[in-house]
Amino acid sequence: MHALVVVAHPDPQSFTHAVVAQVAEGVLTAPGATVEIADLSAEGFDPRFTAVDHAVHLREAPPSADVAAEQARLDRADALVLVYPVYWWSMPGLLKGWIDRVFANGWAYDEGADGRTVKRLRRLPVHLVAIGGGSQRTYARHGYFGAMKTQIDHGIFDYCGAPVITSELLLDSESPAARLEIARAIGRRVSETVRIADAA
């Protein structure tokens, strides 16, 4: 079982990166499991959707080398985990740009001439771990978490067919220790989900 954990935070000492470490440790509790951490900021991934990316979307050009490398990394993964801070009630622009460019027409999905969409990522379970400020009450009162689930869980991953197994919001109303324990449990769930799917 190989998990790809993608993180979008510029500070390696951030709480977001501490959560990534705990998720990875949880995954590695499963015998034979491996983890690759894709630190988009440290790796210098360019999130800008350019004319080349638009041509890829139209199926008029192959993906650029950096996008092809990310797609290959995802092809090797049995599970995808995204860990990110909540910026303006969504994911950071760096992570959104990674999705915009990498989850391309022809790879993550196919737009057919008949208007039907073929979902190509059904084999890839996804675990989403968002880290936010404020309280659960604030998110519930304004419908923020529901809006995030609509745009990310449904709007991105369901569109591609990737099943969202975990959609967790870690808020600073909980203690850091409690949130880190949840992150480690999510890591264990990543391995368990893949093992169950393999056994089915």
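Checking 192, 174, 168, 181 one by one, the residue that is assigned to a loop (DSSP other than H, G, I, E, B), acidic (Asp, Glu) and under 24 Å from residue 25 (Cβ atoms) is 174 and no other. Within region 57-71, identify whether any single residue is closer than 22 Å to residue 152 by Cβ, in contact with a strand residue (DSSP E or B) (Cβ under 8 Å, 6 or more places away or on another chain), crowded, with 17+ Cβ neighbours inside 10 Å and among the hydrophobic types (A, V, I, L, M, F, W, C), and answer yes or no. There is no residue in region 57-71 that is closer than 22 Å to residue 152 by Cβ, in contact with a strand residue (DSSP E or B) (Cβ under 8 Å, 6 or more places away or on another chain), crowded, with 17+ Cβ neighbours inside 10 Å and among the hydrophobic types (A, V, I, L, M, F, W, C).
A single member of 96, 119 is modelled with pLDDT of 95 or more and in contact with a Cys (Cβ under 7 Å, 6 or more places away or on another chain), and it is 119.
Beta carbons closer than 9 Å, at least 6 apart along the sequence or on distinct chains, never pair a first residue in region 58-74 that is closer than 13 Å to residue 100 by Cβ with a second that is at pLDDT below 95 and not in a loop (DSSP other than H, G, I, E, B). For region 59-73, a residue qualifies if it is assigned to a helix (DSSP H, G or I), under 14 Å from residue 106 (Cβ atoms) and of a type in the set (A, V, I, L, M, F, W, C), and the qualifying residues are 67, 68. As for region 166-178, it holds no residue that is closer than 27 Å to residue 61 by Cβ and at pLDDT 95 or above.
Listed here are the residues, each with its yes/no results for (1) in contact with a Lys or Arg (Cβ under 6 Å, 6 or more places away or on another chain); (2) closer than 17 Å to residue 184 by Cβ; (3) β-branched (Val, Ile, Thr).
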| position | (1), (2), (3) |
| --- | --- |
| 8 | no, no, no |
| 13 | no, no, no |
| 18 | no, yes, no |
| 22 | yes, yes, no |
| 28 | no, yes, no |
| 44 | no, no, no |
| 55 | no, no, no |
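Within region 145-194, being small (Gly, Ala, Ser), surrounded by fewer than 14 Cβ atoms within 10 Å (Cβ to Cβ) and in contact (Cβ under 8 Å) with a residue 40 or more places away in the chain holds for one residue alone: 147. Residues in region 63-100 that are of a type in the set (D, E, K, R) and closer than 24 Å to residue 25 by Cα: 70, 73, 75, 76, 78.
The values are calculated or read from the model by the stated rules, or taken from the named source; none is laboratory data. This is a predicted model, so every value here is computed, not measured. Counting neighbours? That spans all protein chains shown, and the Cβs are built from the backbone with ideal geometry, glycine included.
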